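Here is the structure we will look at.
The values are calculated or read from the model by the stated rules, or taken from the named source; none is laboratory data. Since the model is a prediction, treat every value here as computed from it, not as a measurement. For neighbour counting, all protein chains shown are included, and Cβ atoms are generated from backbone atoms with ideal geometry for every residue, glycine included.
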């Protein structure tokens, strides 16, 4: 279930739901209520989560497959059965495009730190 995976990710970060909400820039309760009630969140919130935590595996978060983190450091922590979050093809493509853009920006940042560019 999405809400349980989101809670597992927040727990992995060793932070509170309220602090997580503040960190990603959503209002207080925007995640606490869906987590408490076993609900999903909108694409905009998923985008904010990914923008702040680009290493989270969106496939794991949304559908429950794979590792929690892209580097595979937390494997198969998906509690309970997966809950489908329905995204349109365009929403999914847009989310993936933004994920790639974030990764490109991070690579450029790391290259600058290493003095490559």
> Is it the case that some residue within region 21-32 is over 14 Å from the mean Cα position of the chain (by Cα), at pLDDT 90 or above and within 28 Å of residue 107 (Cβ to Cβ)?
Replying inline: yes
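Would you confirm whether any residue within region 17-38 is touching a strand residue (DSSP E or B) at 6+ places or on another chain (Cβ under 8 Å) and on the phi < 0 side of the Ramachandran plot?
So in region 17-38, the residues touching a strand residue (DSSP E or B) at 6+ places or on another chain (Cβ under 8 Å) come out as none.
No, there is no match, as no residue in region 17-38 is touching a strand residue (DSSP E or B) at 6+ places or on another chain (Cβ under 8 Å) and on the phi < 0 side of the Ramachandran plot.
Restricting to region 26-44, and then to whatever is in a loop (DSSP other than H, G, I, E, B) and free of Cβ contacts under 8 Å to residues at least 24 places away in the same chain, can you tell me which residue is nearest to residue 90 (Cα to Cα)?
Quick first cut of region 26-44, residues in a loop (DSSP other than H, G, I, E, B) only: 26-31, 38-42.
Subsequent filtering for residues that are free of Cβ contacts under 8 Å to residues at least 24 places away in the same chain retains 26-30, 42.
Details: 26: 23, 27: 26, 28: 29, 29: 28, 30: 24, 42: 14 Å.
Among those that are in a loop (DSSP other than H, G, I, E, B) and free of Cβ contacts under 8 Å to residues at least 24 places away in the same chain, it is 42.
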>> Is it the case, given these coordinates, that residue 48 is crowded, with 17+ Cβ neighbours inside 10 Å and either at pLDDT 90 or above or not in a helix (DSSP H, G or I) (or both)?
In response: yes
> In region 1-11, what count of residues is obtained for those that are modelled with pLDDT under 90 and either surrounded by fewer than 16 Cβ atoms within 10 Å (Cβ to Cβ) or in a loop (DSSP other than H, G, I, E, B) (or both)?
Replying inline: 1
> Which one is modelled with the lowest pLDDT among residues in region 58-75 that are surrounded by 12 or more Cβ atoms within 10 Å (Cβ to Cβ) and part of a loop (DSSP other than H, G, I, E, B)?
Replying inline: 74
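Does region 86-107 contain at least one residue that is modelled with pLDDT of 90 or more, farther than 15 Å from residue 4 by Cβ and in a helix (DSSP H, G or I)? Can you show your working first?
In the first step, residues of region 86-107 are kept if they are modelled with pLDDT of 90 or more; the result is none.
Within region 86-107, none of the residues are modelled with pLDDT of 90 or more, farther than 15 Å from residue 4 by Cβ and in a helix (DSSP H, G or I).
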